[in-house]
1. Can you tell me how many residues in region 1-16 are in a loop (DSSP other than H, G, I, E, B) and loosely packed, with under 10 Cβ neighbours inside 10 Å?
2. I'd like to verify a number: residues in region 17-60 that are open to solvent by less than 100 Å² (accessible area, probe 1.4 Å), closer than 30 Å to residue 75 by Cα and not in a helix (DSSP H, G or I), how many?
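The values are calculated or read from the model by the stated rules, or taken from the named source; none is laboratory data. A quick note: this is a predicted structure, and the numbers were derived from the prediction, not measured. Using ideal geometry, Cβ is built from the backbone for each residue, glycine included, and neighbour counts are taken over all protein chains shown. Just so you know, the surface numbers come from the protein's heavy atoms only, side chains and all, with ligands and any DNA or RNA stripped out. Shrake-Rupley method; radii C 1.70, N 1.55, O 1.52, S 1.80 Å.
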Amino acid sequence: MTTAVKAVYENGVFKPKEPVELQEKTEVEVLIPAAVPVDDDDPTGWKAAERFIGFIKDAPEGEPIARDHDKHLFK
């Protein structure tokens with residue numbers, strides 16, 4: 001079984017932010033997600049998202065694509 005636990009790294013030690021039921025000296029594996037760089041000129045990501053507008057040449061236009069999202073996505 002896998003359990004996600006938020007922790008703070010401080011003075012070379014990971015300290016859980018909530019109680020954890022483990023026996024002393026239990027070995028665990030800590031996975032640290034890679035940091036995602038933030039573009040200071042585009043903090044919301046909208047500029048990056050605009051690059052995708054129109055990249056699918058045969059996409060249906062208008063409201064039906066939103067309304068029928070699953071139908072188009074899972075053809």
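1. 7
2. Result for region 17-60: 5.
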